[in-house]
Amino acid sequence: MAQADYHQLSDEQLTAVLCGGRREREVAFGEVYQRYSSRVMAYCRCMLNNAEQAEDIFQETFLRFFKACQQKERIRSILGFLLGIARNLCLNARRDRKVTVSIDEVELLLHDHDQYEKRELLGLISMALELLELPYREAFVLRKIEGLSMREIAELCGISVEGAKTRVQRARLKVLDILQPYLKDLCN
């Protein structure tokens, strides 16, 4: 199979190729990495607010994914599987280590003349997320940053779809409530 053909494979097809020969496995893994690495890294950074720790967990996530494929686990949604691994690793890291707020990595993504205001707003959003209880923060990040459906959030967090909707809505309202005084000042 030509390397370009891997772009057209579904997640299940890529997983099947990952169980195959060495050459095919390397190309398929490269395709998985290209498709999903930025989203997994964004999730890790949002959950941990620590670039070094996020990078470590990001790498461990892909290693565990590769091992699962070698053990011929059936994976229907690669992104869901990767985020499930990352979620568990992030929860363990948060439990084991106090998290500090750092938005330096995100600031590098901003490149226009309103950088100061965007940095300030981004700092406020990071602060608001840090103030949320972990279940709400996680649901908010999965929905608003990762773009997962409520069903996917429910599966990943081990809750009902209604529970996922409730967490996302409560998180959104809490973030707005936290940011309201600051946004009023920014708009004046």
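Contact list please: Cβ distance under 7 Å, first residue in the range 32-60 and more than 15 Å from Asn92 (Cα to Cα) and touching a residue at least 40 places away in the same chain (Cβ under 8 Å), second residue part of a helix (DSSP H, G or I) and of a type in the set (Gly, Ala, Ser), pairs at least six apart or on different chains.
Filtered contacts from the range 32-60: Val40/Ala86.
With respect to the numbered conditions (1) within 14 Å of the chain's Cα centre (by Cα); (2) modelled with pLDDT of 90 or more; (3) among the aliphatic types (A, V, I, L, M), which one is the sole condition not fulfilled by Leu91?
Here Leu91 clears every test but (2).
Can you tell me which of (1) at pLDDT 90 or above; (2) among the aliphatic types (A, V, I, L, M); (3) more than 21 Å from Cys19 (Cβ to Cβ) is the one Leu79 doesn't meet?
(3)
Please determine whether any residue of the range 15-29 is in the same structural domain as Ile85 (by TED's automatic domain parsing), within 28 Å of Arg95 (Cβ to Cβ) and outside any helix (DSSP H, G or I).
At the first step, the residues of the range 15-29 found to be in the same structural domain as Ile85 (by TED's automatic domain parsing) are 15-29.
Applying the additional criterion that residues be within 28 Å of Arg95 (Cβ to Cβ) yields none.
No - not one qualifying residue is present in the range 15-29.
Would you mind finding the one in Cys69, Cys46 that is under 14 Å from the mean Cα position of the chain (by Cα) and at pLDDT below 90?
Details: Cys69 fails: under 14 Å from the mean Cα position of the chain (by Cα).
It is Cys46.
Please name all residue pairs, on different chains or six or more residues apart, with Cβ atoms under 9 Å, provided the first residue is in the range 139-151 and is at negative phi and the second residue is of a type in the set (Asp, Glu).
What qualifies is Leu142/Glu152; Glu146/Glu152; Met150/Glu162.
Go through the range 121-137 and count every residue that is at pLDDT below 85 and not hydrophobic (A, V, I, L, M, F, W, C).
Residues in the range 121-137 being at pLDDT below 85 and not hydrophobic (A, V, I, L, M, F, W, C): 3 in total.
The values are calculated or read from the model by the stated rules, or taken from the named source; none is laboratory data. Every value quoted in this text rests on a predicted model; they were computed, and no experiment measured them. Every residue, glycine among them, receives a Cβ derived from its backbone with ideal geometry; neighbour counts consider all protein chains shown.
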